[in-house]
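Beneath this line is the structure, given in structure tokens, with notes to follow.
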Amino acid sequence: MADAFVTQGERETAQLKRAAVSASAAAVLLLTLALMGWMLARVAEHPGVPREAGELPSWFTGAMPVPGARQRFPASAEAAGEAAAAHRHEAGTTIASEPGAVVAQPPAKATPAEGNYTDFASGQVEIALKEYVFVPNRIRTRPGTVTFVLRNEGRFAHDFHVEGPGVDIHAEKFSPGRTIRVQVTVQEGEYKVSCPLSNHDERGMHATLIVTSRLAGG
């Protein structure tokens, strides 16, 4: 009889252990799924993270950011690939350059204009791309061939699109720290300049380009 009680007790103990192991496994699985969901939600909040950077942002790794420190983006093979990917469009040309490269052409002369527009009468328009704005975002220039000098001063990769009368030009996506040039032939009228990558345009990353022959200087 005593042996029967011992056997029954051992069976109950074994069942309790199995139940505890199953509960622990289920808890680990739920925790893993919750962590994956959190990571996907954070990635969705930060679209356009450059995959070629090779260094995950602090919000992804959980590391505390160092005040005043600048994020570094190691050089990768894509830099050479993007430089070789310079291509021509029907109405424009994209010219890629290396990160930090000095533009050989003389700098454009930008002057504030009425209505908060910035005038580029020389035919060279310089724009800084950041999250999630173009600087400047209200631009005027003359008709003819315009060279857009685009500097990615943000933390993520960005794209460039200009559309308007007779023009619909896309540039290749380029990484933080890079500068590219896009040549476009424009006529008088209004054009929209934007970053079509992910939802950057919807978040305010666009500009208005007015092409007019009524500019002083040049």
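No value in this document is a laboratory result; all are computed from the given coordinates. Just so you know, these numbers come straight off a predicted model, no measurement behind them. Neighbour counts run over all protein chains shown; Cβ positions are idealised from the backbone, glycine included.
In terms of other Cβ atoms within 10 Å, K173, K17, K192 run from fewest to most in the order K17, K192, K173. Using the Kirkwood radius over Cα pairs, work out the Stokes-Einstein diffusion coefficient for the range 150-192 at 37 °C and 0.692 mPa s, in µm²/s as a whole number. The estimated diffusion coefficient comes to 288 µm²/s.
Tally Lys and Arg at +1 and Asp and Glu at -1 over the other residues with C-beta under 9 Å from the C-beta of H158: what net charge comes out? Once all neighbours under 9 Å are counted, the net charge is 0. As a proxy for reagent exposure, ranking I127, I169 by other Cβ atoms within 10 Å from fewest up yields I127, I169. Under 5 Å between amide hydrogens, built in the peptide plane, is the criterion, and for H158 it picks out F174 among residues at least 5 positions away or on other chains. Here D119, D201 are placed in order of increasing Cβ neighbour count within 10 Å, fewest first, which gives D201, D119.
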